[in-house]
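A short reminder: the numbers here are calculations on the coordinates, not readings from a lab. This one's a predicted model, so the numbers in the text were calculated from it and none came from an experiment. Backbone-built Cβ (ideal geometry, glycine too); neighbour counts: all protein chains shown.
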Amino acid sequence: MRRPFKITFLLLLALLLTVKSEALRIISLSPSNTELLFALGAENDIVGVSTWCDYPPEAKSIPKVGDFSNVSIEKIIALNPDIVITSGYEQSYIAQEIRTLGIPVEVVEPRTFDELYKGINLLGTITGKSESANRLISEMQTALARLKSALPAPDHRPTIFIEIYARPLMTASTGSFLNEAIEIAGFKNIFPDLPRPYCQVSLEEVVAQNPDWLLILDMDTTGSVLERPGWQLITAVKEGCIIDSVNPDLLLRPGPRIVQGIRKLSKIRESMHEKTNSGN
């Protein structure tokens with residue numbers, strides 16, 4: 001069972017007794033958590049990461065224990081970590097296996113901004129960087145509040161289709177971190193009521209919804225959008241409102257760069273609105 005952002009007093013006490021005056025040894029298996037640890041100034045505590053942990057650039061030089069979904073338990077044991085930080089979903093079985101070895105594991109997999117703030121606080125507590133955690137949260141909340149204050153009225157927000165993967169065609173819905181980010185950027189998701197936060201949809205369903213914008217986060221399929229049956233009739237395609245220039249990591253990783261990603265989307269929306277109003 002997934003236990004996001006929960007750390008017990010006994011676990012903290014065990015960590016403190018284990019490391020004493022020595023540096024904490026952390027293995028981070030997800031890119032977003034690695035970015036958060038760096039943002040908190042705890043990069044020197046990281047002794048291992050997954051191959052997907054590529055930002056900041058310094059993360060590339062940290063020893064690798066495997067990719068996001070497949071790690072080497074032998075490498076993890078060899079690095080002698082005090083704690084392993086994982087995300088949910090694909091890494092749940094990894095976390096269970098590591099726990100059987102007696103190695104503490106914490107799951108940080110935020111599905112909302114409130115959960116992201118809790119996750120930052122948790123990592124701050126684990127690393128002794130609570131002050132940095134509070135500062136990071138405050139900076140993010142201030143930036144997001146500024147973006148929210150400039151949002152257009154609900155009935156003036158353009159609709160958008162979020163494409164995470166092309167094969168199968170996957171999108172985000174209510175209950176996902178990405179859906180909340182899109183709303184803060186001033187868009188309305190065309191699929192707000194899917195049964196799960198991330199779901200598969202059909203090409204025909206997207207055509208039927210006729211979104212004003214397309215957000216393409218799968219860089220391998222950007223060129224194929226215009227070749228899809230019926231998609232030439234979608235307003236977003238006819239008007240050239242296809243967003244495929246934003247680094248997917250800025251939006252798919254619930255970490256310190258999410259504000260940057262939202263700001264980019266907001267500026268793209270605003271620039272098109274100004275262009276339309278000017279009659280150009």
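Descriptive notes on the structure:
- The alpha carbons of the stretch 108-154 stretch over 41, 20, 7 Å along the principal axes, in descending order.
- Within the stretch 229-264: backbone nitrogen closer than 11 Å to the ALA143 label point (7 Å, Cα to C-beta): 255-264
- Pairs exceeding 30 Å between alpha-carbon atoms, taken from LYS64/LYS267; LYS118/LYS264; LYS60/LYS129; LYS60/LYS118; LYS60/LYS188; LYS188/LYS238: LYS64/LYS267; LYS60/LYS188.
- Within the chain, helix-based [θ] at 222 nm, where runs of 4 or more DSSP H residues each add -39,500 (n - 2.57), nearest 500: -12000 deg cm²/dmol
- Three-way shape label, the stretch 152-278, alpha-carbon gyration tensor, a/c 1.5: rounded
- Stretch gain in nm, segment ASP114-ALA153, where the contour uses 0.36 nm per residue and the Cα spacing is subtracted: 11.7 nm
- Per residue convex hull volume, Cα atoms of the chain, in Å³: 138 Å³
- Förster radius 41 Å - calculated FRET efficiency between THR174 and ILE73, Cβ distance, rounded to 0.05: 0.65
- Spacing of the modelled spin labels on ALA208 and TYR89, each 7 Å from Cα toward Cβ, amounts to 2.5 nm.
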